[in-house]
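Asker: Mind looking over this structure? Questions follow.
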Amino acid sequence: VACSVQLEGCSCWRIIAMVDPTLAEMGKNLNEAMKMLEDNQRKAEEENEKKYARKDIPGPLQGSGQDMVSILQLVQNLMHGEEEEETSQSYRLQNVGEQGHMALLGHSLAAYISVLDRERLRKLTTRILSDTTLWLCRLFRYENGSAYYHEDDREGLLKICRLVIHTRYEDYTLEGFNVLYTKQPVIYISSAARTGLGQALCNQLGLPLSCMCRVPCNTMFGSQHQMDVALLDRVIKDDVESGKLPLLLVANAGTPGAGHTDKLGRLKELCEQYKMWLHVEGVNLATLALGYVSSSVLAATKCDSMTLTLGSWLGLPAVPAVTLYRHEDPSLSLAAGLTSSQPVEKLRALPLWLSLQYLGHDGIVERIKHASQLVSNSSAVEDELSSPVVVFNLRQGLQEPCSVQFPNCALSLQLGEQLAQLVPASGVDVVELEDEGTCVRFSPLMTSAVLGTEIQDIDQLVDCLKMKIPVLTSTLQLREEFEQEVRRTVGLLYIEDLGWPGLGVVRYNHHCDGKNDDKQEKELEKINTELLKKLNELESDLTFSLGPEFGGQKNCVYIGMVTEDLDVSELVETIAATGREIEENSRLLENMTEVVRKGIQEAQLQLQKANEERLLEEGLLRQIPVVGSVLNWFSPFQASPKGRTFNLTAGSLESTESMYVSKAQGTGTTPPPTPTSSLAKHRLPGQKAFKRSLRSSDGFSETSSISHCDELDKMDQRPPTLSPGQEQGPLEMEKAEEQKEVAQAKTDTEDIHSDKLPPDCTKVEDQASQR
């Protein structure tokens, strides 16, 4: 029976001759299922109803059941249902090619093969396991080795630890942990190993944490990510003298962070001296498949065991990790769980067996070689470590690493996140190293086969670095100057936020005036929020924000990255002046209600007192309606109007006598000028705020124009002067006097017809007219 299976990326139909019709149907169903799951196009109705769909809410199991299409549609919705909500983050989808389909087909075949009769299953699994183990041992130069296939990449090391315990403690099978009590085992791992590896081993083995010894890395000579061999030798000697049993050493051929390789040759000699087991793991083991291998990595072929993670190296989904080891006693391997008598357990190697045959020896080597060439193209540095991993961060100067100063680590984190978003195919990520802090890592052996990284992606990554580095460097150099300027400015408070990748954080502090904490907090929040709004309205290239959503300081203004032409003094001066302006306006509005209320009460009291005084001056007869009119006609009472005016600027109650004398309302005290930045007021046309270059180049002409304008303003305010020897004659003096009298009469007429005069004054004027 022949079944036609078309794989993705294949230009022709593959005709596979199969004896079992079930295998043909399985391949067809797998092909249809993969095409459906990889199709990201959905109908418009599903897009509109996606926010309100109940697909994420668990429901009862349907009694009638569902067909395969409906189930696969549900799986597709669960896989891609939240993509729109995660558009802000870089989303990396593994490139499942033909080799990926073969690996997925292996899982389906394993389920089918498991139902065969026992004898056929035993023969088939033995062949699959033998072939895969032989291929891997030859491919990675590990002679006479056995293989253990496992899902969790730490499980292989766990089984090796049990094997070593059975080997070193002969009575362990009979007495169990009692034999460990008399002579405590010790497992040594590097301080650069994976986080939590030692604790996981102790938990699974049932050992106390005192059985785990972390060996420090070099501090004086060599790489800071390599295990200190001399110190390890002294530690082992101390453990032996104290009655402990050195059991196993875990070394790295490519540390998880920096990708450095331990001195495996010297470590092997040390292990042979103390009869210890040497286990090696790391990404650099992939280079053993290449024609040329560095001596430091080639020494791993002499170790007792090693763990290979072929899934990430070759871009194979859902394939197991492999631990290769050498041991002569099959019974102890069986007791440790490295081998199994159950044929079903051996089917774990089936997906890898299919994928390795599909890729072939040349295809495997080509993938690893391509990843190594990506590293050589991205970095021109050659050293004795020959690591296929590139790790970098921002440095201040040439000697001091950026990790010494925490703000630089924040900029490195920002750089890594931006590069991952701009060039997602590069596979760069951010790692935390013990000594260097936050770093950007490029490890193509772990990502290139999955993401399909090419040379042009590396070129794009380098271009993005060239674009981002100048801005980051300028921001780093101007941080200290910004901090000093803020600390010298009255009213501003510098907030030290080590995790902010920008110029800095500043807060405007208002005057307390004895208010409670809650009211002060509200006023502080109001002022800084308005300050942020005003700063964003300026025409500048800077970014002002409230900071990160989580973990940021409250009531602050966060300033983003800057360029080298930033004028820090102008920026700080503008922030302080804008803050003072907002604070004064806020205080005026807050105090207006209380001041006006008190002024009205005081004016009412004074007006009432003035009315009482007027009654005493006029006498009782003038208050009688008829008698008062006759008396006022014969003898008018000349009373000066006494009113009150409220000065909002000064907040005081003043008399209106001066108003009636000068026939004009006084302006009172002149309010203080609004504090603004003197530098911002004289910006040249087209120049953005806080730029240093334009102003520095035209500083002389700008200063001259400003001084000239000031002189013109002063000349306009001066009284007219006479030239020497010129005197003012009688005609000129008389003409000036007449003009003054005409202006005074015009002012008097306007005041009489206006509503500014009190009613008593109008009444007196009417009586005078009748008379």
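The values are calculated or read from the model by the stated rules, or taken from the named source; none is laboratory data. For clarity, every value in this text was computed on a predicted model and none was experimentally measured. Heads up, the Cβs are rebuilt from the backbone with ideal geometry, glycines too, and the neighbour counts pull from every protein chain shown. Each accessible area value is taken on the protein alone, full model and side chains, heavy atoms only, with ligands, DNA and RNA left out. Shrake-Rupley method; radii C 1.70, N 1.55, O 1.52, S 1.80 Å.
Asker: Inside the stretch 150-195, counting only helices (runs of 4 or more DSSP H) that do not spill past its ends, which hold 1 or more residues that are touching a residue at least 60 places away in the same chain (Cβ under 8 Å)?
Answerer: Here the list reads 155-168, 172-175.
Asker: Residues in the stretch 93-111: is at least one more than 28 Å from V428 (Cα to Cα), at pLDDT 70 or above, of a type in the set (S, T, Y) and over 40 Å from the mean Cα position of the chain (by Cα)?
Answerer: There is at least one residue in the stretch 93-111 that is more than 28 Å from V428 (Cα to Cα), at pLDDT 70 or above, of a type in the set (S, T, Y) and over 40 Å from the mean Cα position of the chain (by Cα).
Asker: Going through the stretch 239-255 one residue at a time, which ones are more than 14 Å from V215 (Cβ to Cβ) and more than 44 Å from the chain's Cα centre (by Cα)?
Answerer: V240, E241, S242, G243, K244, L245
Asker: Which of (1) open to solvent by less than 60 Å² (accessible area, probe 1.4 Å); (2) in contact (Cβ under 8 Å) with a residue 24 or more places away in the chain is the odd one out, the single condition E483 does not satisfy?
Answerer: It fails just one condition, (2).
Asker: Return the pair list, or none, for Cβ contacts closer than 9 Å from residues in the stretch 292-316 that are on the phi > 0 side of the Ramachandran plot and in contact (Cβ under 8 Å) with a residue 60 or more places away in the chain to residues that are in a loop (DSSP other than H, G, I, E, B) and surrounded by 19 or more Cβ atoms within 10 Å (Cβ to Cβ), at least 6 apart or on different chains.
Answerer: Within 9 Å, the pairs are G315/V96.
Asker: Report yes if L338 is farther than 28 Å from P444 by Cβ and open to solvent by less than 10 Å² (accessible area, probe 1.4 Å), otherwise no.
Answerer: Spelling it out, L338 is indeed farther than 28 Å from P444 by Cβ and open to solvent by less than 10 Å² (accessible area, probe 1.4 Å).
Asker: When both residues are 6+ apart or on different chains and their Cβ atoms are under 9 Å apart, which pairs have a first residue that lies in the stretch 100-127 and is under 15 Å from Q342 (Cβ atoms) and part of a loop (DSSP other than H, G, I, E, B), and a second that is open to solvent by 50 Å² or more (accessible area, probe 1.4 Å) and β-branched (V, I, T)?
Answerer: Listed pairs, sorted by first residue: S114/V344.
Asker: Of everything in the stretch 459-500 that's out of contact with any Asp or Glu (no Cβ under 7 Å at 6 or more places or on another chain) and among the polar types (S, T, N, Q), which residue is farthest from K554 (Cα to Cα)?
Answerer: Within the stretch 459-500, the match that is farthest from K554 (Cα to Cα) is Q460.
Asker: Filter the stretch 532-582 for residues that are open to solvent by less than 10 Å² (accessible area, probe 1.4 Å) and charged (D, E, K, R) and give the result.
Answerer: Within the stretch 532-582, just E570 meets the criteria.
Asker: Please go through the stretch 434-470 and give me each residue that is among the aliphatic types (A, V, I, L, M) and open to solvent by less than 20 Å² (accessible area, probe 1.4 Å), ordered by number.
Answerer: Within the stretch 434-470, V440, L445, A449, I458, L461 meet the criteria.
Asker: Report, ordered by the first and then the second residue, all pairs with beta carbons closer than 8 Å, sequence separation of six or more or different chains, a first member in the stretch 526-544 that is within 16 Å of R580 (Cβ to Cβ) and in a loop (DSSP other than H, G, I, E, B), and a second member that is among the charged types (D, E, K, R) and open to solvent by 70 Å² or more (accessible area, probe 1.4 Å).
Answerer: Taking only residues 6 or more apart or on different chains, not a single pair turns up.
Okay, residues lined up against (1) of a type outside the set (A, V, I, L, M); (2) within 30 Å of D435 (Cβ to Cβ); (3) more than 45 Å from the chain's Cα centre (by Cα); (4) modelled with pLDDT under 90:
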| site | (1), (2), (3), (4) |
| --- | --- |
| D131 | yes, no, yes, no |
| D153 | yes, yes, no, no |
| L158 | no, yes, no, no |
| H166 | yes, no, yes, no |
| T182 | yes, no, yes, yes |
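Asker: Restricting attention to the stretch 272-322, which residues are crowded, with 19+ Cβ neighbours inside 10 Å and of a type in the set (D, E, K, R)?
Answerer: E281, D304
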